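Engineer: Structure incoming, see below.
The values are calculated or read from the model by the stated rules, or taken from the named source; none is laboratory data. Here the structure is a predicted model, which is why all the values come from computation and not from measurement. Every residue, glycine as well, gets a Cβ built from its backbone with ideal geometry; the counts of neighbours run over all protein chains shown. Please note that ligands, DNA and RNA were not included when accessible areas were found on the heavy atoms of the full protein model with its side chains. Shrake-Rupley method; radii C 1.70, N 1.55, O 1.52, S 1.80 Å.
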Amino acid sequence: MKLAGLPLGILLLLGVAYVTDYSMILLIKAGDMSGTSTYQALVSRTFGFPGYLLISVLQFLYPFAVTPGSILADRHFAILSTTICITLPIALYRNMRRLGKVSLMSLLLTVIVLVIVITRTSSFTTSIPHTEGAWVFAKWNAIQAIGVMSFVFMCHHACFLIYGSLEKGTVRNWSCITHVSMIISLIISLQYSIFGYVSFTGFTQGDLFENYCKNDNLATVGRFFYAMTIILTYPMECFVAREVISNVFFSGTLSTGHHFAVTLAVVSATTIISLFSDCLGMVLELNGILSATPLVFIIPTACYLKLSGDHWYHINNAMPCFIFLLGIIIMPVGFFMAILYPQECSHGKEMFYCLSNSTLMGVPLAHLYQSNTSEIK
């Protein structure tokens, strides 16, 4: 919302949710048309070995942006302990169905965090200084916002794994599940976006919980629950990375020993990266542009168009062509904008408005804001 402008941001969020929903169904349809059961096999069938290599790299790299527990106060201890005690044991599951209860718990925690964000909105709207241009319709950084939104909704890399775990795996059932899931995700994302931005406007951080004060106990509870949602979501990403390695190096089958070794290697690699990276906003933006955009906009539509019996310019292929062209434009433009205009990070730094509700050693809050404006910009 901060990058795009609140009104345009809401419209973009709706649009990205629709494209994600549409392309997820398109992906399974393309798999059904080609007789394939994995994302890699589908791309290999339609675009040969170069396509297989590309999709393997993108699928493998995407989970590395989802790092467990990176917002707890003592990061290194928290990341290592939760990885060993929670993340690794869950990631060692072989069957995607066993993640059902874990995913449900993650969803419930997400709702609790959302309630905390909404509850805290009224506390900040009256105390945080006005920022210029906070309520304009649109901002020119909107394409950068699309990268973050694509990251938020993207789950195409796990589609075939989830589809294969269904008791009745049909395109119709998958479409129903996708629609319901996307609607729930959209409702939650809209509320996070709107209430989060309304609370902090121009001071909104890439990691929203960086905006809350350290002595805010309710926000601390929210930080803990948010960390837990990430920890419980990560194993699904690990499933995908492990499947890529299995398909590329082990012909799709891992022995018990190889299963443990590959899982340990993937979890260890992501943990090491998370220990040295705490700029969540930049990670989400770059990964969204470089990995999520091709996996959401470009590859599913390209596969479907090539497998379709109609010409690419046929009316039935109008929407896939439009989404494909959007991805071709968004990916390079978004990447260059992310490099030229990177999001600022303030991990662990107390925001200036947390120093005092009204004054700090006799200095009015408005004066503190003015003296910090250049640094914040």
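Engineer: So which lysines pass the test for LYS168, namely a Cα distance under 30 Å, with those fewer than 8 places away in the same chain ruled out?
Structural biologist: Output for LYS168: LYS29, LYS101, LYS306.
Engineer: Would you please state which residues of segment 152-181 a label at ILE273 would reach in this model, taking the label point 7 Å out along Cα→Cβ and a backbone N cut-off of under 19 Å?
Structural biologist: Backbone N within reach: 152-159.
Engineer: Let me ask something else. Would you kindly derive the ³J(HN,Hα) couplings of segment 120-133 from the backbone phi angles with the Karplus curve 6.51 cos²θ - 1.76 cosθ + 1.60 (θ = phi - 60°), listing them in order in whole Hz, with x for Gly and Pro?
Structural biologist: Using θ = phi - 60°, the values come out as 7, 4, 5, 6, 9, 4, 8, 10, 8, x, 5, 10, 5, x Hz.
Engineer: If you don't mind, another one. Would you indicate which of (i) 72, 50, 34; (ii) 82, 77, 34; (iii) 85, 48, 35 is the value of Cα extents along the principal axes in Å derived from the coordinates of this structure?
Structural biologist: Read-out from the structure maps to (i).
Engineer: What angle, in degrees between 0 and 90 and rounded to the nearest 10, separates the Cα long axis of helix 217-249 from the longest principal axis of the Cα atoms of the chain?
Structural biologist: Relative to the chain, helix 217-249 is tipped by roughly 20 degrees.
Engineer: Which angle from 0 to 90°, rounded to the nearest 10, does the C-alpha axis of helix 142-153 make with the longest principal axis of the chain?
Structural biologist: Taking Cα atoms only, the helix is inclined about 60 degrees.
Engineer: Mind checking which lysines have their C-alpha under 20 Å from LYS349, skipping anything on the same chain fewer than 8 residues away?
Structural biologist: By straight Cα distance, LYS349 reaches LYS2, LYS214, LYS377.
Engineer: Separation of segment 258-302 and segment 97-162 by C-alpha centroid, Å?
Structural biologist: So the two Cα centres are separated by 18 Å.
Engineer: Related question: Which cross-chain or sequence-distant (5 or more) residues have an amide H under 5 Å from the amide H of GLN205, H modelled 1.01 Å from N in plane?
Structural biologist: Amide H to amide H, under 5 Å and 5 or more residues apart or across chains, GLN205 pairs with ASN211.
Engineer: To the nearest 500 deg cm²/dmol, what mean residue ellipticity at 222 nm is calculated for the chain from DSSP H runs of n ≥ 4 alone, each contributing -39,500 (n - 2.57), summed and divided by the residues?
Structural biologist: That calculation yields -22000 deg cm²/dmol at 222 nm.
Engineer: Now for a separate question. Please list, in order along segment 313-328, the HN-Hα scalar couplings obtained from phi with the Karplus expression 6.51 cos²θ - 1.76 cosθ + 1.60 (θ = phi - 60°), rounded to whole Hz, x for Gly and Pro.
Structural biologist: 8, 5, 4, 5, 9, 4, 5, x, 5, 5, 5, 4, 5, 4, x, 4
Engineer: While we're here: Could you tell me how many degrees, from 0 to 90 and to the nearest 10, lie between the Cα long axis of helix 256-276 and the main elongation axis, the longest principal axis, of the Cα atoms of the chain?
Structural biologist: 30
Engineer: Relative contact order of the chain, please, whole-number percent, based on alpha carbon pairs below 8 angstrom and at least 6 residues apart.
Structural biologist: 32
Engineer: What percentage of the solvent-accessible surface of segment 163-301, computed with a 1.4 Å probe over protein heavy atoms, is contributed by carbon and sulfur atoms?
Structural biologist: Ligands and nucleic acids excluded, carbon and sulfur reach 69 percent.
Engineer: Want the number for ARG97 to ILE184: 0.36 nm per residue separation, take away the alpha-carbon distance, what's left?
Structural biologist: Full extension from ARG97 to ILE184 adds 29.3 nm.
Engineer: Answer with one residue from MET282, LEU161, TYR52: the one whose Cα lies farthest towards the positive end of the charge dipole of the chain, charges on Cβ with Lys, Arg +1 and Asp, Glu -1.
Structural biologist: Farthest along the dipole direction, towards plus: LEU161.
Engineer: Let me ask you something else. Over segment 1-150, what is the relative contact order in percent, taking alpha-carbon pairs closer than 8 angstrom and at least six residues apart?
Structural biologist: Rounded, it is 52 percent for segment 1-150.
Engineer: Taking only protein heavy atoms and a 1.4 Å probe, what accessible area per residue, in Å², does the chain have with all protein chains in place?
Structural biologist: 47
Engineer: Go through segment 31-36 residue by residue and turn each phi into a ³J(HN,Hα) via Karplus (6.51, -1.76, 1.60, θ = phi - 60°); whole Hz please, and just put x for glycine and proline.
Structural biologist: x, 5, 5, 8, x, 10
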